[in-house]
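What follows is a single structure, written as structure tokens, with notes after it.
Bear in mind that the values in this text are calculations on the coordinates, not laboratory data. Please read all numbers here as calculations on a predicted model, not as lab measurements. A quick note on method: Cβ atoms are made from the backbone with ideal geometry, for glycine too, and the neighbour counts reach across all protein chains shown.
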Amino acid sequence: KFGLEFSTAVSNTNYKVSGQDYSANNKWMNELHLNMNADINDKTKFYGRLSMAKNWSQMAWSGTPYDLDAGRNTRTSGPVLYVDRAYLDYYITPEWIATIGRQPGTDGPGSNLRNNALRQSTYPALAINALGDAAVITYKPESLQDHKVAIRAAYGKTYQWDEEGKVRDWMSDQTNADSNLYYAAVEGQLPIEGMGDNLLLLNVAYLSDFALPITNIQNLPIGTGTIPLTVINGVYNLGDLTITNLHFENYKAFGTNFNYFVSLGYSHGGNNKIDSSVSTILQKGGYGDGKFNEEDGYAVHVGGRYDFTQALKVGYEFFWGSRYWYTMSRPSINDPLNIRMTRGTAHDFYV
């Protein structure tokens, strides 16, 4: 079976930094999804999606670190048709399901209202909103299916290292760390009479050795003009990252046309592997303080939408992220500013 999704958006952005006004107006973009699914046999199902997201007239993307699969997005990926998802579900038993492949990792719970869509992803958007490959085991106890209970554990990679700092060679000497992602979640539906469709989801994601390819970051000695003293090229280990998320959403709440969600996030980075000299260079290149987050980060994302008719729906979302908040999210055509990565407050009204 095949399905097609197509979106066009135009954006007008105006902002101020350090007293200076900036604008980016009349910017157009397209997004295309070709969805596929097939029942291979009684136990095996395939799901896939080919996507293209591009700004009008854009011919290429900008380069590392956005060339990583997890970095592909509307703003930088160019007119490249890429594999958004491609995975197999194998039903070991009716209760146990094994999944392997490119995961449905984008536009998950927390983005449904804004996108006016059904659930698109296994993973809540505040925790994981990026492309990635993984192996997953899901347990759905038959005795709890009235409450749609599911327990999941997953293992994946966001980076595989090689000598050239690229992702293409699986036979390279293992002299630097791979970036491994571990994920666990439990979800279900609250048994409150008359509440309507709802989802309660608790999950933890742990990213070990957050490796990032960085090129052409130059350290310019003060007063020496434009001759670089040092150029960074290669892969740098930013340390470890833990993200915990509690998410709840409710549709047609208590028989009304009101829908809402509440999502809470906690993040903590540590075990930084960057030495002080490289950290100084990264800081001069615009990478914050040259370190990955060594502090606790917190986030709150709440949203509501009232459906006046099938065609007229009005919504509002509020987001707050603390000074050190970080999560695995990327922009999209429906969220060009990547609201979930905000350190501060953000408001979003939509119709």
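Calculate, for S276 and W320, the FRET efficiency according to 1/(1 + (r/R0)^6) with r their C-beta to C-beta distance and R0 41 Å; round to the nearest 0.05.
0.80
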Stretch gain in nm, segment Y139-A38, where the contour uses 0.36 nm per residue and the Cα spacing is subtracted: 34.2 nm
Fewest-first ordering of M36, M29 by Cβ atoms within 10 Å yields M36, M29
Can you put R49, R323 in order of Cβ neighbours within 10 angstrom, beginning with the fewest? R323, R49
A chain fully extended from F2 to L202 at 0.36 nm per residue, minus the present Cα-Cα distance, gains in nm 68.8 nm
Distance in nm between pseudo-label sites at M195 and H347 (7 Å out along the Cβ direction from Cα): 3.0
Can you sort D307, D335, D178, D39 from fewest to most other Cβ atoms within 10 Å of each residue's own Cβ? D39, D178, D307, D335
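Near K313, within a Cβ-to-Cβ distance under 12 Å, what is the net charge of the other residues, with Lys and Arg +1 and Asp and Glu -1? Provide the component values of the computation, followed by the final result.
Details: positive: R114, R305; negative: D307.
That sum, taken over residues with Cβ under 12 Å, equals +1.
For T309 and I100, calculate 0.36 nm times their separation in residues minus their Cα-Cα distance, and state this gained length in nm to one decimal. Before the final figure, lay out the partial values.
Values: separation 209, 0.36 × 209 = 75.24 nm, distance 3.92 nm.
My answer for the length gained is 71.3 nm.
To the nearest 0.05, what FRET efficiency results for R119 and S23 with a Förster distance of 45 Å applied to their C-beta separation? Provide the component values of the computation, followed by the final result.
Numbers: r = 36 Å, r/R0 = 0.80.
My answer for the efficiency is 0.80.
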